[in-house]
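K.L.:
Here it is, the structure, as structure tokens.
Read-outs: derived from the displayed coordinates by stated rules, not from any lab. Fair warning: this is a prediction, and the values are worked out from it, not measured in the lab. We place every Cβ from the backbone using ideal geometry, glycine too, and count neighbours over all the protein chains shown.
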Amino acid sequence: MSFLIQASYFVAAVLFILGLKRMASPRTAVSGIKWAGIGMVLAVVATFFYPDLHNIGLIVTAIVIGGAAAWISGKKVEMTDMPQMVALYNGMGGGAAGAISAVELYSGAATSHGAGLAALAVIGGVIGAVSLSGSVIAYAKLQGLMKKAWSVPMHQGVNALMVIFLFGIGLALATSTGPGPFWITVFFLIALTLGVFMTTPIGGADMPVVISLYNALTGLAVAFEGFVLGNAAMIIAGTVVGAAGTLLTLLMAKAMNRSLANVLFSGFGASDGAESDGPQGTMTSVEASDAAISMSYAGKVIIVPGYGMAVAQAQHKLWEFAQALTKADVEVKFAIHPVAGRMPGHMNVLLAEAGVPYDMIFDLDEINEEFAQADAALVIGANDVVNPAARTNESSPIYGMPILNVDQAREVFVIKRGKGTGFSGVENELFFGENTNMVFGDAKEVCNKMITGLKEL
């Protein structure tokens with residue numbers, strides 16, 4: 001029986017890896033999710049065949065409740081709210097790892113396996129707890145429940161002090177033969193508080209990196225607890241998730257030309273849209289119908305979606321407008337910045353939901369050189385990722401960040417609700433450009449007006 005259980009875990013691990021591999025492409029992502037899901041079902045079923053498994057009724061109850069809640073919420077959640085769901089579910093994974101650590105420590109089982117496994121239980125508990133509370137705060141920010149970034153006085157010093165306490169208490173728990181419940185409770189309370197204090201100062205501009213980071217931490221926590229339990233499936237799955245999440249986090253930080261430490265400990269991105277000094281001048285505004293007519297005479301139009309499109313749920317109307325341009329013999333392409341939106345791949349998911357073909361969607365590196373040959377560029381709800389200051393202004397907080405070279409198009413149209421800055425608080429030089437025309441209004445309504453304008457030609 002032990003052989004069959006381990007063999008099932010091995011097959012499950014292979015399915016996890018193959019599923020993750022297929023998720024790398026939008027064309028195969030759906031099948032990748034199914035493969036990984038089958039692997040998870042296999043791992044769960046195999047676990048029930050452990051000879052000394054206890055509390056089977058409680059386990060089944062938890063699976064039923066959790067599965068039902070996930071199924072219902074997954075069916076109801078809008079694609080525009082996917083970042084919030086990812087953040088919340090990721091936190092649940094970290095919480096589960098932290099709960100395993102708590103059970104092992106409170107029962108004394110962790111120390112009975114030796115100091116090495118006890119240390120892994122402690123580390124996994126810290127990481128899981130931090131990921132849980134940090135992910136909940138990220139969810140609150142993304143959902144709009146927490147609109148301002150805030151921090152306690154001398155927050156970096158406070159965080160450092162908590163890390164020192166966690167190290168000291170964790171060392172005692174890992175080496176003690178009988179850790180007291182009081183100190184175990186204090187240990188987890190400090191870890192949960194650290195996750196909150198780490199995340200609250202971070203602004204919306206950095207949420208894609210934060211979500212990726214907590215995803216990596218959850219994977220590591222699960223892997224560590226897998227070692228404690230001797231569960232191969234947890235070890236492999238956690239390691240894969242941790243490695244993939246770490247790589248994605250570094251890639252996202254690179255896309256912003258910032259280090260991970262800068263994201264976590266600097267004040268950039270913490271203003272959540274606060275105004276800042278920037279270029280002086282006048283924005284030129286045009287009517288939506290005029291913008292549509294101008295683009296209908298273009299040979300090539302590149303569309304750049306951003307978070308404003310997601311908020312307005314304008315992806316379907318945008319695709320309808322793009323189709324209308326295509327019927328008018330205009331070449332249309334979509335350009336995606338790696339950190340556009342509130343999670344990696346956010347814009348890709350929304351465009352795919354609207355029916356945009358994958359061969360019309362291009363990443364920054366693939367399309368950036370084409371802006372100079374484009375007759376028009378349409379920016380819908382994007383801000384920092386198209387700001388030329390990142391390329392031209394060395395004093396700008398976003399200087400050096402790779403951007404989409406929208407300003408190099410012959411004519412630029414920007415759909416924007418108002419004249420405010422993006423989440424970074426940096427004024428966008430693009431809006432004041434001689435070749436830029438602002439189309440103010442709700443993105444969905446503007447797209448609808450542009451469609452009407454084309455139909456009236």
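K.L.:
Within a 10 angstrom radius of the beta carbon, how do Leu217, Leu251, Leu378 rank from fewest other beta carbons to most?
P.N.:
Leu251, Leu217, Leu378
K.L.:
Quick check on the chain: of the DSSP beta bridges with both residues there, what percent are antiparallel, nearest 5%?
P.N.:
Approximately 0 percent, going by the DSSP bridge assignments.
K.L.:
So if I restrict to the alpha-carbon atoms in region 1-52, what is the Rg, and what is Dmax, the biggest pairwise distance, in Å?
P.N.:
12.5, 43
K.L.:
Would you calculate the separation in nanometres between label points at Leu250 and Lys76, each defined as 7 Å from the Cα along the Cα-to-beta-carbon direction?
P.N.:
Distance between label points: 4.0 nm.
K.L.:
How do Lys333, Lys455 rank when sorted from fewest to most other Cβ atoms within 10 Å of their own Cβ?
P.N.:
The fewest-first ordering by Cβ neighbours comes to Lys455, Lys333.
K.L.:
Would you compute, from DSSP H runs of 4+ residues alone, the mean residue ellipticity of the chain at 222 nm, taking -39500 (n - 2.57) per run and dividing by the full residue count, rounded to the nearest 500?
P.N.:
-19500 deg cm²/dmol
K.L.:
If you take the Cα Rg of region 1-127 and divide it by 2.2 N^0.38 Å, with N the number of residues, what do you get? All intermediate terms of the calculation are to be shown ahead of the outcome.
P.N.:
On the way: Rg = 17.1 Å, N = 127, 2.2 N^0.38 = 13.9 Å.
Ratio of Cα Rg to 2.2 N^0.38 Å: 1.23.
K.L.:
To one decimal place, what Kirkwood hydrodynamic radius in Å is obtained for region 369-457 from all pairs of distinct Cα atoms?
P.N.:
Details: mean 1/r = 0.0728 Å⁻¹.
Result for region 369-457, one decimal place: 13.7 Å.
K.L.:
Further question: Hey, what D do you get for region 288-455 in µm²/s if you plug the Kirkwood alpha-carbon radius into Stokes-Einstein at 25 °C and 0.890 mPa s?
P.N.:
Translational diffusion coefficient: 158 µm²/s.
K.L.:
Largest first and in whole Å, what are the equivalent-ellipsoid semi-axes of region 125-207 based on the Cα gyration tensor, each being the root of 5 times an eigenvalue?
P.N.:
28, 13, 9
K.L.:
Once you keep just the Cα pairs under 8 angstrom separated by 6 or more residues, what percentage relative contact order results for region 120-210?
P.N.:
Working: 70 pairs, mean separation 48.1, N = 91.
Relative contact order for region 120-210 comes out at 53 percent.
K.L.:
Compare the peptides 299-309, 319-329 by average per-residue count of other Cβ atoms within 10 angstrom and give them in order, highest first.
P.N.:
299-309, 319-329
K.L.:
Further question on the same structure: What residues have an amide H closer than 5 Å to that of Asn437, excluding those fewer than 5 places away on the same chain, when H is modeled at 1.01 Å from N in the peptide plane?
P.N.:
Val412, Phe413, Val414
K.L.:
Going by amide H atoms built from the backbone, whose H comes under 5 Å of the H on Ile303, apart from near neighbours?
P.N.:
Correct list: Lys333, Phe334, Ala335, Leu378.
K.L.:
Above 28 Å lies some portion of the pair distances; for region 77-265, what is it as a whole percent of all C-alpha pairs? Walk me through the numbers on the way to the answer.
P.N.:
Details: 4251 of 17766 pairs.
Roughly 24 percent, rounded to a whole number.
K.L.:
Could you give me the percent of Cα pairs per 20 Å distance bin for the chain, shortest bin first, beginning at zero and ending with the bin that holds the maximum distance?
P.N.:
Pair shares across the bins are 23, 50, 23, 4, 0.
K.L.:
Further question on the same structure: Sum up the charges of everything whose Cβ sits under 13 Å from the Cβ of Val14, counting Lys and Arg as +1 and Asp and Glu as -1, but leave Val14 out.
P.N.:
Net charge around Val14: +2.
K.L.:
Just add up the charged neighbours of Gly453: K/R +1, D/E -1, any other residue whose Cβ is under 9 Å from the Cβ of Gly453.
P.N.:
Net charge around Gly453: -1.
K.L.:
Compute the FRET efficiency between Leu4 and His155 as 1/(1 + (r/R0)^6), taking r as their Cβ-Cβ distance and R0 = 45 Å, and round to the nearest 0.05. Intermediate values should be presented prior to the final figure.
P.N.:
Values: r = 51 Å, r/R0 = 1.14.
For R0 = 45 Å, the calculated efficiency reads 0.30.
K.L.:
Would you please give the FRET efficiency between His316 and Ser25, computed as 1/(1 + (r/R0)^6) with r the Cβ-Cβ distance and R0 = 22 Å, to the nearest 0.05?
P.N.:
Taking R0 as 22 Å, the efficiency between His316 and Ser25 is 0.40.
K.L.:
With each pseudo-label sitting 7 Å past Cα toward Cβ, what's the Leu18-Thr392 distance in nm, one decimal?
P.N.:
Between Leu18 and Thr392, the label points sit 5.2 nm apart.
K.L.:
Moving on to the next point. What's the center-to-center distance, using Cα atoms, between region 1-71 and region 320-335 in Å?
P.N.:
Answer, in whole Å: 43.
K.L.:
Using a Cα distance threshold of under 26 Å, what count of lysine pairs results for region 288-455 when pairs must be 8 or more residues apart or interchain?
P.N.:
28
K.L.:
Of the listed peptides 447-453, 169-175, what is their order by residue-averaged count of other C-beta atoms within 10 Å, with the highest listed first?
P.N.:
447-453, 169-175
K.L.:
How big is D, in µm² s⁻¹, for region 33-87 by Stokes-Einstein at 10 °C and 1.306 mPa s if Rh is the Kirkwood radius over C-alpha pairs?
P.N.:
For these conditions, the coefficient is 120 µm²/s.
K.L.:
How far is it, in nm, from the label point at Asp52 to the one at Val103 when both lie 7 Å from their Cα along the line to the Cβ?
P.N.:
The two pseudo-label positions are separated by 1.4 nm.
K.L.:
Determine ³J(HN,Hα), in whole Hz, for all residues of region 102-115 in sequence, where each value follows from phi through the Karplus function 6.51 cos²θ - 1.76 cosθ + 1.60 and θ = phi - 60°; x replaces Gly and Pro.
P.N.:
For region 102-115, the Karplus curve yields 4, 4, 5, 6, 5, 7, x, 5, 4, 6, 5, 8, x, 5 Hz.
K.L.:
Next up: Going by how many other beta carbons lie within 10 Å of each one, how would you line up Ile235, Ile33, fewest first?
P.N.:
Working: Ile235 20, Ile33 14.
Ascending Cβ contact count within 10 Å gives the list Ile33, Ile235.
K.L.:
Give the calculated FRET efficiency between Ile38 and Glu331 to the nearest 0.05, with a Förster radius of 41 Å applied to their Cβ-Cβ distance.
P.N.:
Calculated value: 0.50.
K.L.:
Taking 0.36 nm per residue of sequence separation and subtracting the Cα-Cα distance, how much length would be gained by fully extending the chain between His113 and Leu260, in nm to one decimal? Walk me through the numbers before you get to the answer.
P.N.:
Values: separation 147, 0.36 × 147 = 52.92 nm, distance 3.50 nm.
Taking 0.36 nm per residue and subtracting the Cα distance, the gain is 49.4 nm.
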